[in-house]
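A.B. asks: One structure is given below, represented as C-alpha cells, and several questions about it will come after.
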Amino acid sequence: MLASGDTGKSTLTITDNRTGKSYEVPITHETIHATDLRQIKVNVDDFGLMTYDPAFMNTASCKSTVTYIDGDKGILRYRGYPIEQLAERCTYLEVAYLLIYGELPNKTQLTEWAAHITTHTFVHENIKKLMDGFHHDAHPMGMFVSTVAALSTFYPSAKHIADHKERELTFYRLIGKAPTLAAFAYRHSTGMPFVHPDNDLSYVGNFLNMMFRIAEPKYQPHPILEKALDVLFILHADHEQNCSTSAMRSVGSSHVDPYSAAAAASAALYGPLHGGANEAVLHMLDEIGSLDKVPGFIRDVKEGKGRLMGFGHRVYKNFDPRASIIKRLADQVFEVTGRNPKLDLALELERIALQDDYFIKRKLYPNVDFYSGLIYQAMKFPDQMFPVLFAIGRMSGWLAQWSEMVSDTEQKIARPRQIYLGYGKRDVPMLSQRQ
Ligand code: ACO
C-alpha cells in the first residue's frame, strides 16, 4: 500500500536554491533518512547538508516495537496493549515480561519468570559494605545510581552482550535487585538495618517489606497499597525514547555492559525535569503552602518565575493517560492512608491552570508526576525516594529498549554531529604574549 498522497510516490523532492539542483529522497514510515541529505552540496568536497535538532525534537533515533505514544490523543501502549488495560489486568512482573519479550507471559512462563526474578533479589554482602560507605545524608538516588554501576563489577561476564544467556541473567538481576538497592539506600539514609528480601511476598510486597519492616516477624503489605504501587510501576515501566531511555541506548551503543548503561539511565532519570519532577512537585506544594497562595504562584509561573512542576510534557499535548489513572488511584490510596493535605492544593493548581490561557495555549496538562508524589508521600515514602521508585519501574523498559538496540543491525555507536561555530585555525601564542 502506498503511504503517499495521490501521486503514488513516497518520495520528497528538495530543491537547493543555492545551486538550483533538485534531489529526490525516499520517505519511509513518514520519515526521511538524515544521511540522504548528505548528497546535497554546493561543492563536491563539502560535508553535505545536515539537520539541526537540539534535544531531538523531530528526529527518530531508532526503529522500535516496544512502546507506542500518540501525544495528541493521549495514547500510551506497550507492545500494542493500552496502558489502561495493562494497569487493570496485569501485574508489574507480567508487564516487565511483555516489554522485554514482546508478548504477555502465559501461566507457566509467568511462574518461571517470577521465580527467576525472585531468586535474584539478594545482593552480594559487599554491596552492603559499599552502601555503608555513603554519607548518612546521601541522596538515595545517588546511592542507587552508584550501586547499579557497581553491579557491573560483580557480574563482569555481563559485558558479553551478544550472549543471550548473559542478557537473560542481566534482566533477572537488574529487575530483581533494583528494589533491594532502592530499599537499602533508604534504610541507610534512615540509619535502619537492611532488611533481606522475603521471597514469599510479591515483587512489590517484598519491596515494601525491605523498606518498612521494623520488628514484626513477618511483614504483611496492605493489599490496596501493594496494588497501587504495582500499578505505579506499570505506568512508569516504559515511555519510548525519553531522556533516560535515550541515555540507556546511547551509552549501551558503545557496547558497555548493561549495568553501566542502566546506571547512566538512572543518572538521567535523577534530573528534576525527568524523574525528579514528582519530588519537585511536593517541594512546590510545600512552598505554596496554602490555597490562597495558589493564584499568586500561578501568576509568578506565567511571569517566568519558575515552572508549574508536574505540568507539561514533550510528547503529550492533550493529556497524559498515566495521570488520569493515577488520579483515580490516589482516591483508593487515600482511603487507606487518609487524605494527603497537599491534595487540595494540587487540585486547585490543576483547576486554575486548566482554565488559564497561558497553559491552554502551550498545551500544558498534568503529567504522570503531578499526583504520583502525593500517593508516594501518603504511603510514607520520603520525597527523596520518588525518583528511585520511578527507576525501579523503569528498569524493565530500559532493558527492553537496550535489548532491542543491541539486536538492531542498523544501530551503531551513538555519535551526533555538531555545527561548529568556533574560531577558524589560529596559532598558539607563547605564554608571554597572551593578554
Ligand atoms: N510550567 C510553566 N510553563 C511551562 C511548563 C511548566 N511546567 N512547561 C513548559 N512551559 C512553557 C515554557 O516556558 C515554554 O513557554 P514559551 O513558549 O513561552 O517559552 C513552553 O511552555 C514550551 O516549553 P518547553 O520547555 O519548550 O517544552 P519541552 O517540551 O521542552 O518541556 C518539560 C517539557 C521538560 C516536561 C516541561 O514541560 C517542564 O519543564 N515541565 C515541568 C517538569 C516536569 O513536570 N517534568 C516531568 C516530565 S514527565 C517525566 O519525565 C516522567
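The values are calculated or read from the model by the stated rules, or taken from the named source; none is laboratory data. In this text, all values refer to a predicted model and were calculated from it rather than measured experimentally. Cβ sites come from the backbone with ideal geometry, for glycine too, and all protein chains shown count toward neighbours. When the accessible area is computed, the model is the full protein with side chains, heavy atoms only, and any ligands, DNA or RNA have been set aside. Shrake-Rupley method; radii C 1.70, N 1.55, O 1.52, S 1.80 Å.
A.B. asks: Check region 127-138 and report whether any residue there is modelled with pLDDT of 95 or more and closer than 24 Å to residue 168 by Cβ.
C.D. replies: Yes, that holds for at least one residue.
A.B. asks: Kindly provide the set of residues from region 379-389 that are open to solvent by less than 10 Å² (accessible area, probe 1.4 Å) and not β-branched (Val, Ile, Thr), ordered by number.
C.D. replies: Those that are open to solvent by less than 10 Å² (accessible area, probe 1.4 Å) and not β-branched (Val, Ile, Thr): 381, 385, 386, 387, 389.
A.B. asks: Give the residue that is nearest to the chain's Cα centre (by Cα), with candidates limited to residues of region 193-228 that are open to solvent by 80 Å² or more (accessible area, probe 1.4 Å) and aliphatic (A, V, I, L, M).
C.D. replies: Checking each candidate, the answer is 214.
A.B. asks: When you look at residue 71, is it open to solvent by less than 80 Å² (accessible area, probe 1.4 Å) and over 26 Å from residue 414 (Cα atoms), yes or no?
C.D. replies: No; evaluated as a whole, the condition is false for this residue.
A.B. asks: Taking only region 249-266 into account, find how many residues are more than 14 Å from the ligand (Cβ to nearest atom) and in a helix (DSSP H, G or I).
C.D. replies: 11
A.B. asks: Check off (1) more than 22 Å from residue 79 (Cβ to Cβ); (2) within 12 Å of the chain's Cα centre (by Cα); (3) buried (at least 20 other Cβ atoms within 10 Å of the Cβ) for residue 273 and give me the number that stays unchecked.
C.D. replies: Tallying (1) more than 22 Å from residue 79 (Cβ to Cβ); (2) within 12 Å of the chain's Cα centre (by Cα); (3) buried (at least 20 other Cβ atoms within 10 Å of the Cβ), residue 273 fails exactly one: (3).
A.B. asks: Listed residues 145, 123; which is away from the ligand (no atom under 16 Å from the Cβ), closer than 29 Å to residue 408 by Cα and at pLDDT 95 or above?
C.D. replies: The match here is 145.
A.B. asks: Give just the number: which of (1) within 11 Å of the ligand (Cβ to nearest atom); (2) farther than 23 Å from residue 75 by Cα; (3) among the basic types (Lys, Arg); (4) in contact (Cβ under 8 Å) with a residue 40 or more places away in the chain does residue 317 not satisfy?
C.D. replies: Of everything listed in (1) within 11 Å of the ligand (Cβ to nearest atom); (2) farther than 23 Å from residue 75 by Cα; (3) among the basic types (Lys, Arg); (4) in contact (Cβ under 8 Å) with a residue 40 or more places away in the chain, residue 317 misses just condition (2).
A.B. asks: Here is a check on your reading of the model: is residue 52 under 21 Å from the mean Cα position of the chain (by Cα) and modelled with pLDDT of 95 or more?
C.D. replies: no
A.B. asks: Still on this structure, please answer the following. Is it the case, given these coordinates, that residue 176 is at pLDDT 95 or above and either over 22 Å from residue 97 (Cα atoms) or of a type in the set (A, V, I, L, M, F, W, C) (or both)?
C.D. replies: no
Here's the yes/no breakdown for (1) part of a helix (DSSP H, G or I); (2) open to solvent by 20 Å² or more (accessible area, probe 1.4 Å); (3) in contact (Cβ under 8 Å) with a residue 12 or more places away in the chain:
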| site | (1), (2), (3) |
| --- | --- |
| 96 | yes, no, yes |
| 100 | yes, no, yes |
| 122 | no, yes, yes |
| 165 | yes, yes, no |
| 173 | yes, yes, yes |
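A.B. asks: I've got another one for you. In region 286-314, what count of residues is obtained for those that are open to solvent by less than 40 Å² (accessible area, probe 1.4 Å), part of a helix (DSSP H, G or I) and within 8 Å of the ligand (Cβ to nearest atom)?
C.D. replies: 1
A.B. asks: Let me ask something additional. If you scan region 267-279, which residues turn out to be out of contact with any Lys or Arg (no Cβ under 7 Å at 6 or more places or on another chain) and either part of a helix (DSSP H, G or I) or at pLDDT 95 or above (or both)?
C.D. replies: Listed by number, the residues that qualify are 267, 268, 270, 277, 278, 279.
A.B. asks: Let me ask something else about it. If a residue must be in contact (Cβ under 8 Å) with a residue 60 or more places away in the chain, away from the ligand (no atom under 13 Å from the Cβ) and within 23 Å of residue 236 (Cα to Cα), how many such residues does region 339-370 contain?
C.D. replies: The qualifying residues number 1.
A.B. asks: Looking at this structure, is residue 46 open to solvent by less than 60 Å² (accessible area, probe 1.4 Å), away from the ligand (no atom under 16 Å from the Cβ) and more than 19 Å from the chain's Cα centre (by Cα)?
C.D. replies: Yes: the conditions hold for residue 46.
A.B. asks: I need a count of the residues in region 124-144 that are part of a helix (DSSP H, G or I) and under 23 Å from the mean Cα position of the chain (by Cα).
C.D. replies: Residues that pass the stated criteria total 5.
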